[in-house]
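Asker: Could you have a look at this structure, given as structure tokens, before my questions?
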Amino acid sequence: MKHYSVLLEESIALLNIHPGGIYVDATLGRGGHSVEILKHLQGKGFLYAFDQDEEAIVGSQPHLFAIGSNFECIKSNFVHLKEELYRRGVTKIDGILFDLGVSSPQLDDASRGFSYHQDAPLDMRMDRDQNLTAYEVVNTYPYEDLYRIIRDYGEERYARPIARAIVEARKKKPIQTTLQLVEVIKGAMPEKAKRGKHPARRTFQAIRIEVNRELDVLPQALMDAIDLLKVGGRLAIITFHSLEDRIVARILKELSRSNVPSDLPAIPEMMKPILELYPRKPIMASAEELEVNRRSRSARLRGAIKLRERTK
């Protein structure tokens, strides 16, 4: 299956890459965005690409080496951006890109357990070295935690009956595979809720977010990325669901706000906003992109330019 990087042209344009700069791809995935960043660096500067999935790094490196060698892939969650870059003597960068959520290769590989269309062991780990899997969440979490996760992370209207059905089903025998879980979810929902989008979509999203702590690490990673940016540096973030997009939008809005009294003759430096939203509103995929990549339909690209350093 051909891989299409979501909002590729738009995100690269937003970064405004200049040769000689230091850039970070916080979510390497299949490497599409990183390849374009390397092309724009023209053999100069440097790219640091992060991914907690070893398979993503192994699969992407040949494509990156085909462009140049001025890059390093770092196997780590992006919550460790500062730590990993400081270790390499990097304290400031010119731009950083986040392409959030599960990657296409992870979805396409049935064995990873992310898909509700194909049968596989319940896994859903982006980092296969971690201990917590979807199996543990589904089979050991108490009802109250399952309900909260499915309600909050999946925004699932039927979170309560789904959580109850999971608990009842696992009393008989463990729920071991994705399609076994799908059947439990379907059995807990009314017929009208099974029409249209797949009935397990929201619950699978919720469990995946819990397994990988996606929303827990995002705010800290964004703040660290902003701290790492040089003044004038650029931040680009692609989100795919409302929960992560709300976190991103809130942080960018807070840091781009200036609470300066209107009667001040001059704005003190430390009262100026830290960021300028650029663009002002999120960019959505074009009709042309949607024709070749349906996974772009929920994508939103937000960006910002750093105006000043943040006081600690």
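Asker: Which aspartates and glutamates does K253 reach when only Cα atoms under 17 Å apart count, and residues fewer than 8 places away in its own chain are ignored?
Answerer: Straight-line reach from K253, under 17 Å: D224, D227, E244, D245, E276, E309.
Asker: Per DSSP helix of 4 or more residues, -39500 (n - 2.57); summed, then divided by the residues of the chain. What does that give at 222 nm, rounded to the nearest 500?
Answerer: Details: 13 runs with 133 residues, N = 312.
Per the formula, -12500 deg cm²/dmol.
Asker: Using the 2.2 N^0.38 Å rule of thumb for compact globular proteins, work out how the chain stacks up: its C-alpha Rg over that value, please.
Answerer: Details: Rg = 20.9 Å, N = 312, 2.2 N^0.38 = 19.5 Å.
Rg over 2.2 N^0.38 Å, computed on Cα atoms: 1.07.
Asker: To continue, here is another question. Would you list which lysines come within 28 Å of K171, measuring only between C-alpha atoms, while excluding same-chain residues fewer than 8 positions from it?
Answerer: Hits, sequence-local ones excluded: K186, K192, K194.
Asker: Taking Cα pairs under 8 Å and at least six residues apart, what relative contact order does the chain come out at, in percent?
Answerer: Values: 540 pairs, mean separation 56.6, N = 312.
Worked out over the chain, it gives 18 percent.
Asker: Sort 147-157, 130-140, 166-176 for me by packing, meaning the mean count of neighbouring Cβ atoms within 10 Å per residue, highest on top. Please list the in-between numbers first.
Answerer: Values: 147-157: 19.3, 130-140: 16.5, 166-176: 14.7.
Final packing ranking: 147-157, 130-140, 166-176.
Asker: Still on this structure, please answer the following. Set Lys and Arg Cβ to +1 and Asp and Glu Cβ to -1, take the dipole of the chain about its Cα centre, and tell me which of L255, V35, Q61 lies farthest positive.
Answerer: Selected residue: L255.
Asker: Reachable aspartates and glutamates from K197, Cα under 16 Å, same-chain residues fewer than 8 places away excluded?
Answerer: Those aspartates and glutamates meeting the cut-off are E155, E156, E183.
Asker: Also: I want to check the label-to-label distance for Y4 and D119. Put each point 7 Å from Cα in the C-beta direction and report it in nm to one decimal.
Answerer: Those two pseudo-labels are separated by 3.1 nm.
Asker: Now, a different point. Accessible surface of E84 in the full protein assembly, 1.4 angstrom probe, to the nearest 10 Å²?
Answerer: Roll a 1.4 Å probe over it and E84 shows about 20 Å².
Asker: Next question, about the same structure. Express in nm, to one decimal, how much length is gained between T91 and E54 on full extension, taking 0.36 nm for each residue of separation and deducting their alpha carbon distance. Present the calculation step by step, with values, prior to reporting the outcome.
Answerer: Numbers: separation 37, 0.36 × 37 = 13.32 nm, distance 2.51 nm.
Residue separation times 0.36 nm, minus the Cα-Cα distance, leaves 10.8 nm.
Asker: Sticking with this structure for a sec: Under 8 Å for C-alpha pairs, at least 6 residues apart: give me the relative contact order for region 35-112, rounded to a whole percent.
Answerer: Details: 57 pairs, mean separation 22.5, N = 78.
Once divided by the residue count of region 35-112, the mean separation gives 29 percent.
Asker: If you place +1 on the Cβ of every Lys and Arg and -1 on the Cβ of every Asp and Glu, how big does the dipole about the Cα centre of region 27-172 come out, in debye to the nearest 20? Mind showing how you got there, number by number?
Answerer: Working: 19 positive and 23 negative charges, 46 e Å.
Taking the Cα centre of region 27-172 as origin, the dipole is about 220 debye.
Asker: On to the next question. Quick one: accessible area per residue over the chain, 1.4 Å probe, rounded to a whole number of Å²? If you can, show how the numbers build up before the last one.
Answerer: Working: 14990 Å² over 312 residues.
Averaged over the residues of the chain, the accessible area is 48 Å².
Asker: Follow-up. Leaving out ligands, DNA and RNA, what percent of the accessible area of the chain is carbon and sulfur, probe 1.4 Å? Provide the component values of the computation, followed by the final result.
Answerer: On the way: 7550 of 14990 Å².
For the chain, the apolar C and S fraction of the accessible surface comes to 50 percent.
The values are calculated or read from the model by the stated rules, or taken from the named source; none is laboratory data. Keep in mind that this is a model prediction, so the values were computed, not measured. Cβ sites come from the backbone with ideal geometry, for glycine too, and all protein chains shown count toward neighbours. For the accessible areas, the whole protein counts, side chains as well, though only heavy atoms, and no ligand, DNA or RNA atoms are used. Shrake-Rupley method; radii C 1.70, N 1.55, O 1.52, S 1.80 Å.
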